[in-house]
Amino acid sequence: EPDPAIWVGEVATAARRINTICNLGPLGVRVWGDEGWQQCESHGVRYMGRASHFEDLTSLYSNGGIHVDIGRVYQQDIVTMRVFDVLACGGFLLADPSDALLELFEPGVELETWSTLDELVEKVRWYLEHPDKAAAIGKRGRERVLRDHGLRDRLRPMLARLSGAP
């Protein structure tokens, strides 16, 4: 049986994501994903189609630009895989802040965060004008992931919790 609360959360998240990206349309944003993103084209967003989880995403994340992480409305207490994926590739990331994210990364140093649409638009505009600053943050984010957030580093606390170890 599908959980109605999860379904409502997914619908709310999809609406939030679409609204967020549509607001970035005047800045020349491109988006990859399912066909639902096509509704952003009327706002100036270029829909690029699907990106495979192997070659395409790695190439996109590592070839510059600004990547935006928009978390699910019902998962505000996690760090999404996109954060680790983008940073591991040396990409510049603007992420929804959460306590968990702020425990792992330093905003303005290893990634950047945003809390409101106005703040996101302003930061995207600023980093488009200062790509060297975005690249430096992306480089430091990659260094942090490689140093502290490899697969073993991420799995160790999960396995300890499952085993009941302190």
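The values are calculated or read from the model by the stated rules, or taken from the named source; none is laboratory data. Everything numeric in this text was worked out from a predicted model, so none of it was measured. Heads up, the Cβs are rebuilt from the backbone with ideal geometry, glycines too, and the neighbour counts pull from every protein chain shown. Heads up: the accessible areas ignore ligands, DNA and RNA and are worked out on the full protein's heavy atoms, side chains in. Shrake-Rupley method; radii C 1.70, N 1.55, O 1.52, S 1.80 Å.
Would you check if ALA95 is farther than 19 Å from ILE66 by Cα and open to solvent by less than 60 Å² (accessible area, probe 1.4 Å)?
So ALA95 does not fit the description; no.
Looking at the structure I just gave you, is ALA134 in a helix (DSSP H, G or I), at pLDDT below 95 and surrounded by 11 or more Cβ atoms within 10 Å (Cβ to Cβ)? Against the criterion (in a helix (DSSP H, G or I), at pLDDT below 95 and surrounded by 11 or more Cβ atoms within 10 Å (Cβ to Cβ)), ALA134 does not qualify.
List the pairs whose first member sits in the stretch 8-21 and is in contact (Cβ under 8 Å) with a residue 40 or more places away in the chain, whose second member is of a type in the set (A, V, I, L, M) and surrounded by 14 or more Cβ atoms within 10 Å (Cβ to Cβ), and whose Cβ atoms are under 6 Å apart, counting only residues at least 6 apart or on separate chains? Sorted first by the residue in the stretch 8-21, then by its partner, the pairs are GLY9/VAL73; ALA12/VAL73; THR13/VAL73; ARG17/ILE70; THR20/ILE70; ILE21/VAL31; ILE21/VAL45. For LEU162, the requirement of being open to solvent by 20 Å² or more (accessible area, probe 1.4 Å), farther than 24 Å from ILE21 by Cβ and not in a loop (DSSP other than H, G, I, E, B) is met. Candidates are the residues of the stretch 77-87 that are closer than 18 Å to GLY33 by Cβ and in contact (Cβ under 8 Å) with a residue 24 or more places away in the chain; the one that is most open to solvent (accessible area, probe 1.4 Å) is ASP85. Among the residues of the stretch 46-76, just one is free of Cβ contacts under 8 Å to residues at least 60 places away in the same chain, more than 24 Å from LYS133 (Cα to Cα), surrounded by 15 or more Cβ atoms within 10 Å (Cβ to Cβ) and of a type in the set (A, V, I, L, M, F, W, C), namely ALA51.
Checked against (1) more than 14 Å from the chain's Cα centre (by Cα); (2) at pLDDT 95 or above; (3) open to solvent by 20 Å² or more (accessible area, probe 1.4 Å); (4) not aromatic (Phe, Trp, Tyr), GLY25 passes all but condition (3). Restrict the check to the stretch 137-150 and report whether at least one residue is open to solvent by less than 70 Å² (accessible area, probe 1.4 Å), in a loop (DSSP other than H, G, I, E, B) and either in contact with a Pro (Cβ under 6 Å, 6 or more places away or on another chain) or modelled with pLDDT of 95 or more (or both). No, the conditions are met nowhere in the stretch 137-150.
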